[in-house]
Amino acid sequence: MKIGIIGAGLSGLSLAFMLKGFDVEVFESNKKIGGLLRSEKISGFTFDIGGSHVLFSKNSKILQEIVNVIGKVVEHRRRTFIYYKNDFIKYPFENGIYMLSPNERYEILMDFVQNLLKRERGELKKPSNLLEWFYYVFGRAITEKYLKPYNEKLWKRDLREISLEWIERVPNPPVEDILKSCVGIPTEGYTHQLRFYYPLSGGIETLIRNLADLADCTIRTDEKVKKISIEDGKVVLNNDFVCDLVVSTAPIDLTVKLFKDWKLMKDYLNLDYNSLTVVGLGVRGRIPDFHWVYVPDKDIIFHRIAFLSNYSPNMCPENRGCIIAEISRKPNERIKNVLDEVIDGLRKMGFDFDLDVYGVWEWEYAYIVYNKNYKSVENLRKFLTKRRVIPFGRFGNWEYLNMDAIWKKSKELADYIRCEYENINNNTQQG
């Protein structure tokens, strides 16, 4: 079986890695592989130019498999904070409540308990969107102090436009954790991310480069797929590459438009997403002992800041720091004076660095928005699979996935393809 894969990011290359023994060719429209997991070196500073990515998982077997591909890694206990009222409290917010003043802890405790009792008595309306779910589960205080401002900043939308499909991604802490935090007892949340791994050298792209080296496939970089057609039961890419099956990790709306009859799906192409600007700073000055910080403040341009030089000692020259700021934005929006805005935001947070180098990177597709039209993506999936194109990955199948989930789904898809191939062989032999 000959297989074409569109996209040489984590989804495409992890699948190619799993499909050893098949004739696989990977098409990447950019000159470099990696997608959002790319790293770039500037004057000795290594920046993860698609945002901060670390490796963690509830599944220890999958975690170890990915670590084995990376090779040498650094293991960390998470040191992650939220910038709140000019201070840094522990992430997640509900586990950092113990760091607030006694009066604010009492306010949150009373509101949370009253909301919990109303919910148990059936006095609260069932939620129909993300904002209503926040109020339903966490109450007014936690929602309005952190969840609402941060998520509005990240999504750049009224949270009533975000559907309930997204809540599977939102940690829902045990009630006792919130109660303990409110009375001043430290707790840990999102515990499967509490310990994480990161490549010792080369940035997050080390995972991508090693996958490409280990995969038994041909990778065509700087080769954009502009057309897909079906001819004599085969799938044809760009009129010249003929294969039995295509797996596309490119954004699903763009993949559909590669077929000449794509207008059949025009009523379902109203998918929503956010773009991303990443600003990298190579600096001199004291770097705080943080991994990353979430920033809900409207007056600061970035929603998250990551101190990559705390991920690995090999990210920058000695006595220097490596930082990236992540700025969510709407598609086609461009931010003026973004470097100055980022430096100003850092200073507002109390950080003052001397700048050595910087870089700015723009990403059109970054965050899938689970709006009320999200379910229409199923029509696009059916359109493609009927044409022997399997949509796959975060953008390819239009589902938000972490690295470990992509790895797991790659294994499952590879097993499915292998099973289909064996069935075809058996039917051929019987015929």
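The values are calculated or read from the model by the stated rules, or taken from the named source; none is laboratory data. Source: prediction; values computed, not measured. Neighbour counts run over all protein chains shown; Cβ positions are idealised from the backbone, glycine included. Remember, those area values only see protein heavy atoms, side chains included, never the ligands or the DNA or RNA. Shrake-Rupley method; radii C 1.70, N 1.55, O 1.52, S 1.80 Å.
Values computed for the structure shown
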read-out	value
Output for region 210-243, where each listed residue is within 18 Å of Arg381 (Cα to Cα) and of a type outside the set (Gly, Ala, Ser)	Lys227, Ile228, Ile230, Val235
Candidate set from region 355-414 (those that are under 21 Å from Glu333 (Cβ atoms) and β-branched (Val, Ile, Thr)); member that is surrounded by the fewest Cβ atoms within 10 Å (Cβ to Cβ)	Val360
From the options Thr255, Thr277, residue that is closer than 30 Å to Gly4 by Cα and either at pLDDT below 95 or touching a helix residue (DSSP H, G or I) at 6+ places or on another chain (Cβ under 7 Å) (or both)	Thr255
Leading residue by the ranking (most open to solvent (accessible area, probe 1.4 Å)) among those in region 115-144 that are closer than 20 Å to Tyr374 by Cβ and part of a loop (DSSP other than H, G, I, E, B)	Lys126
Filter result for Asp289 (over 28 Å from Glu333 (Cα atoms) and exposed (fewer than 14 other Cβ atoms within 10 Å of the Cβ))	yes
From Ile219, Ile230, Ile301, residue being at pLDDT 95 or above, of a type in the set (Val, Ile, Thr) and more than 20 Å from Ile5 (Cβ to Cβ)	Ile301
Output for region 87-103, where each listed residue is of a type outside the set (S, T, N, Q) and open to solvent by 50 Å² or more (accessible area, probe 1.4 Å)	Asp87, Tyr98, Met99, Pro102
Restricting region 206-256 to residues that are β-branched (Val, Ile, Thr) and in a loop (DSSP other than H, G, I, E, B), the residue that is most open to solvent (accessible area, probe 1.4 Å)	Thr221
Which listed residue, of Phe392, Phe383, is within 24 Å of Lys266 (Cβ to Cβ) and within 23 Å of the chain's Cα centre (by Cα)	Phe392
Number of the condition not met by Met315 [criteria: (1) open to solvent by 10 Å² or more (accessible area, probe 1.4 Å); (2) assigned to a loop (DSSP other than H, G, I, E, B)]	(1)
Of all residues in region 153-174 being part of a loop (DSSP other than H, G, I, E, B) and under 28 Å from Val113 (Cβ atoms), the one that is modelled with the highest pLDDT	Pro174
When residues of region 24-64 are limited to those that are surrounded by 20 or more Cβ atoms within 10 Å (Cβ to Cβ) and acidic (Asp, Glu), the one farthest from His291 (Cα to Cα)	Glu28
For Ala325: the one exception among (1) closer than 20 Å to Arg38 by Cβ; (2) open to solvent by 20 Å² or more (accessible area, probe 1.4 Å)	(2)
Filter result for Asp352 (within 26 Å of Ile82 (Cα to Cα), at pLDDT 95 or above, open to solvent by 40 Å² or more (accessible area, probe 1.4 Å) and acidic (Asp, Glu))	no
Close pairs (7 angstrom Cβ cut-off, 6 or more residues apart or separate chains): charged (D, E, K, R) in region 34-58, part of a strand (DSSP E or B) anywhere	Glu40/Phe47; Glu40/Gly359; Asp48/Ser39; Asp48/Ile324
Matching entry among Tyr106, Tyr84 (being open to solvent by 40 Å² or more (accessible area, probe 1.4 Å), aromatic (Phe, Trp, Tyr) and out of contact with any Ser or Thr (no Cβ under 7 Å at 6 or more places or on another chain))	Tyr106
Count - residues of region 298-312 that are closer than 17 Å to Thr80 by Cβ and open to solvent by 10 Å² or more (accessible area, probe 1.4 Å)	3
Set Thr277, Thr249: member being hydroxyl-bearing (Ser, Thr, Tyr) and under 19 Å from Tyr374 (Cα atoms)	Thr249
Pair list, Cβ < 7 Å and 6+ apart or interchain, from region 147-173 residues that are within 20 Å of Asn95 (Cβ to Cβ) and of a type in the set (A, V, I, L, M) to residues that are open to solvent by less than 30 Å² (accessible area, probe 1.4 Å) and assigned to a helix (DSSP H, G or I)	Leu147/Phe134; Leu147/Phe138; Ile167/Leu130; Ile167/Trp133
Residue count, region 8-23 (criterion: under 22 Å from the mean Cα position of the chain (by Cα) and either acidic (Asp, Glu) or open to solvent by 10 Å² or more (accessible area, probe 1.4 Å) (or both))	5
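Matching residues to (1) out of contact with any strand residue (DSSP E or B) (no Cβ under 9 Å at 6 or more places or on another chain); (2) open to solvent by 50 Å² or more (accessible area, probe 1.4 Å); (3) part of a strand (DSSP E or B):
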site	(1), (2), (3)
Asn151	no, no, no
Glu176	yes, yes, no
Lys180	yes, yes, no
Glu188	no, yes, no
Gly203	no, no, no
